[in-house]
Amino acid sequence: MIKILSDSPGISFGLGYFCERFGAAKSTVSEDLSIAKKTLQENGLGRIITIPGAGGGVKYVPCITAAQASEVQNTLCEMLRDPSRIMGGGFLYTSDIMFSPGMTEKMASIFAEKFRDSGADYVATIETKGIPLAFMTARLLNIPVIVVRRETKVSEGPTVSINYFSGSSGRISKMSMAKKAVEPKTKAIIIDDFMRAGGSLKGITELLAEFEVEVCGIGVAIAAEENNETKVSDYTPLVYLRSVDEASQMIDAIPNSRIF
């Protein structure tokens, strides 16, 4: 039962499903679920929630403790401090981190916990490196993903495009989204891999507003240390990148102490 529930986070299963699946009485299934619920909760492995009523059942909700989140943040900082990541212009190579299923799942667990009660209907991100993290977060929250494109795709049909100022490149760029991607008057959280000045995040927020979609949370794996040029104010980074010194090959990255 734990395997079935944890493989489908946020999806409700009726007790009858387990009775039929395992050929067991409802009382036996209820007892086993109570044991599973207690075991998961005591070990910080998630929660099994009972939904009352005729159409009720049980569902698995992933969770992460503050101590577990801190461990993920510290691991991310250690990975970022590797001098071999330094590239020209003070940029860091992070593709191996953002495309690691194990690491992105751990980072997504923090965002899922942070934004679980936000009321979000979608997880939005911009291509490319933020996509795995957004998908992992969406899976844990059991909501769809919206991928904002830098270039329009014929296969997506009619699109809406806006121009935005990219803080990383220092120039005007374009982003677009398919008209069929979202329903109006809904909510979304934005998940991305890196934020320097917040230009892309501000652009996504403005693009979603064109669809009457309210942004109810922003999460980024890595954020450059806060400064007066940051274009968004309400966001949650896992770690702050304080400095990248090419001359000394030193990278200063620290965890965000105000995650929850």
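The values are calculated or read from the model by the stated rules, or taken from the named source; none is laboratory data. Here the structure is a predicted model, which is why all the values come from computation and not from measurement. Cβ sites come from the backbone with ideal geometry, for glycine too, and all protein chains shown count toward neighbours.
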Odd one out for D192 among (1) over 21 Å from A221 (Cα atoms); (2) modelled with pLDDT of 95 or more: (1)
Suppose the filter is surrounded by 15 or more Cβ atoms within 10 Å (Cβ to Cβ) and at pLDDT below 95; does G157 pass it? no
Let me spell it out: the conditions are (1) buried (at least 22 other Cβ atoms within 10 Å of the Cβ); (2) among the polar types (S, T, N, Q); (3) in a strand (DSSP E or B), and S176 meets all of them except one. Which number is the exception? (1)
State whether the residues of region 235-250 include one that is modelled with pLDDT of 95 or more, in a strand (DSSP E or B) and polar (S, T, N, Q). yes
When (1) of a type in the set (K, R); (2) touching a residue at least 12 places away in the same chain (Cβ under 8 Å); (3) loosely packed, with under 13 Cβ neighbours inside 10 Å are applied to R171, the one that fails is (2)
Just need a number here: residues in region 40-66 that are assigned to a helix (DSSP H, G or I) and either surrounded by 13 or more Cβ atoms within 10 Å (Cβ to Cβ) or touching a residue at least 12 places away in the same chain (Cβ under 8 Å) (or both). 3
Condition first: surrounded by 15 or more Cβ atoms within 10 Å (Cβ to Cβ), not in a helix (DSSP H, G or I) and not assigned by TED's automatic domain parsing to the domain that holds A138. Can you find one or more residues in region 26-38 that meet it? no
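In region 95-139, which residue that is of a type in the set (V, I, T) and either out of contact with any Phe, Trp or Tyr (no Cβ under 7 Å at 6 or more places or on another chain) or not assigned by TED's automatic domain parsing to the domain that holds S248 (or both) is nearest to P184 (Cα to Cα)? Spell out how you get there, then give the answer.
As a first pass, look at region 95-139 and keep what is of a type in the set (V, I, T): 97, 104, 110, 123, 125-126, 128, 131, 137.
Pick out the ones that are also either out of contact with any Phe, Trp or Tyr (no Cβ under 7 Å at 6 or more places or on another chain) or not assigned by TED's automatic domain parsing to the domain that holds S248 (or both) and you get 97, 104, 110, 123, 125-126, 128, 131.
Details: I97: 34, T104: 29, I110: 27, V123: 15, T125: 17, I126: 19, T128: 25, I131: 22 Å.
Only one residue tops the list, namely V123.
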What about V182, is it aliphatic (A, V, I, L, M), assigned by TED's automatic domain parsing to the domain that holds T75 and without any contact (Cβ under 8 Å) to a residue 40 or more places away in the chain? no
Residue check for I204: at pLDDT 95 or above and assigned by TED's automatic domain parsing to the domain that holds G89: yes
